[in-house]
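What follows is a single structure, written as structure tokens, with notes after it.
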Amino acid sequence: MKTVSVLGVTGSIGQSTADVIRAHPDKFDVQAVTAHTNVQKLAKMAIDLKANCAVIADEALEKDLEKALAGTDIQIMAGEVAVCNAASMKADLVMAAIVGMAGLKPLMKAIEQGTQVAIANKEPLVSAGPIVLEAAQKSGTTLLPVDSEHNAIFQVFDAKQKEAIEKIILTASGGPFRTFSMQEMESVTPEQALAHPNWSMGDKISIDSATMMNKALEVIEAAELFQMAPEKIEVLVHPESIIHSMVEYADGSILAQMGAADMRTPIANILNWPERVSTPGQKLDLKMLKRLNFEALDDERFPAVAMAYEALDKGPGARIAMNAANEEAVQAFLEKEIGFLDITACVRHILDAEHPQDINTLEDVLAYDEKMRGAAKSYILGKDNKERKAS
């Protein structure tokens, strides 16, 4: 059996991972599961998956977790250090599905094992890509992409003939506001932005999809994971979300990976890699397809992707700044402190500043990330104050 740890088990990716594990009880043995604050769901998942260890990141909730798991022999830990310790536990594969930059430290601890780490969140690779890749190379860890677009590329990317690859084509659904005008987007609510037309996802990635910032982060992630020049990475809007991404070769062939809009497909592909297992999720019925549509991205209405290329050109500091500003702006939008278009306006403001190139360690990344979050919060607060005065 393959031992697996799931970091962020109560989130969207964690739940889909649990579905695949439950579908194959003879193939997977769960070592550790972690969550941020959702004690009851964590306890339920730990029992359900027969995990050896359950970890809650919020130390104040340790007693609640002990109560929820009373009568079981599941080991209980609490705190951010404990999450890192869980990531360090020996496992054949660690599913790194903690949302945002909070997942960076546990990811690095998982990489130190020298086994397989499935990366399900974009932010660590965006902000600390070279450091993550260097650590993986040093430990001999295999990094496996879970994100549907990068997993699609992973499946059709011929590393032995990399020189024959013309470009990577990342597909984007266009989100819920693909046909909205700028004026219509000004009054968009968080509830509207969370209602993705194709995918069922967590709050943060749903908002990122609505602004197209998820695709911006994916451009940077693809450049790192596949070591491709930015000019060889293209974004194409594909509203149906049937083709999850493509690789174009010099001979004119374009290889695409297709599947239902269900994260259990890439998770099933990665969880038992290099062997394949059946998915408990939806499967694509080609007979039901009428047509597949493709269109160019509108950079004016969705400027986030252009910012990604700019951040890649400017260097490490700019990438950290872009990600940090976006995380803070998304949270502010969800809390109704700013408008929908203010998210990318905040990122634009932070990205326009000068950013350092000499970011070489994990500590450098985390320190600059914190600094840029402070700058983004100041921008958001200033905007909020201006709006209050205007009203």
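The values are calculated or read from the model by the stated rules, or taken from the named source; none is laboratory data. Remember, predicted model here, so these are calculated numbers, not experimental data. Here the Cβ positions follow ideal geometry from the backbone for every residue, glycine too, while neighbour counts run over all protein chains shown. Protein only, heavy atoms only, side chains kept; ligands, DNA and RNA dropped before computing areas. Shrake-Rupley method; radii C 1.70, N 1.55, O 1.52, S 1.80 Å.
Quick check, is GLU328 free of Cβ contacts under 8 Å to residues at least 60 places away in the same chain and open to solvent by 40 Å² or more (accessible area, probe 1.4 Å)? No, not satisfied. Just one residue in the set ILE254, ILE267 is over 28 Å from ARG348 (Cα atoms) and over 21 Å from the mean Cα position of the chain (by Cα); that residue is ILE254. Residue count for region 326-357, restricted to those that are part of a loop (DSSP other than H, G, I, E, B) and more than 13 Å from MET212 (Cα to Cα): 11.
State which residue is least open to solvent (accessible area, probe 1.4 Å) when the search covers only region 88-109 and only residues that are touching a Ser or Thr at 6+ places or on another chain (Cβ under 7 Å) and over 21 Å from SER148 (Cα atoms). Here the answer is ALA91. The residue list THR72, THR17, THR37, THR3 contains one member that is closer than 29 Å to ASP262 by Cβ and either touching a Phe, Trp or Tyr at 6+ places or on another chain (Cβ under 6 Å) or assigned to a loop (DSSP other than H, G, I, E, B) (or both), which is THR37. If the condition is being more than 17 Å from THR10 (Cβ to Cβ) and touching a residue at least 40 places away in the same chain (Cβ under 8 Å), then region 58-93 contributes MET89, LYS90, ALA91, ASP92, LEU93.
Contact annotation: no residue pair with Cβ atoms under 8 Å, 6 or more positions apart or on different chains, pairs a residue in region 233-246 that is more than 16 Å from LEU217 (Cα to Cα) with a partner that is open to solvent by less than 20 Å² (accessible area, probe 1.4 Å) and of a type in the set (Phe, Trp, Tyr). Within the set ASP48, ASP73, the sole residue that is on the phi < 0 side of the Ramachandran plot, in contact with a helix residue (DSSP H, G or I) (Cβ under 9 Å, 6 or more places away or on another chain) and open to solvent by 40 Å² or more (accessible area, probe 1.4 Å) turns out to be ASP48. Note on region 128-150: residues that are more than 19 Å from the chain's Cα centre (by Cα) and either among the acidic types (Asp, Glu) or surrounded by 23 or more Cβ atoms within 10 Å (Cβ to Cβ) (or both) total 1.
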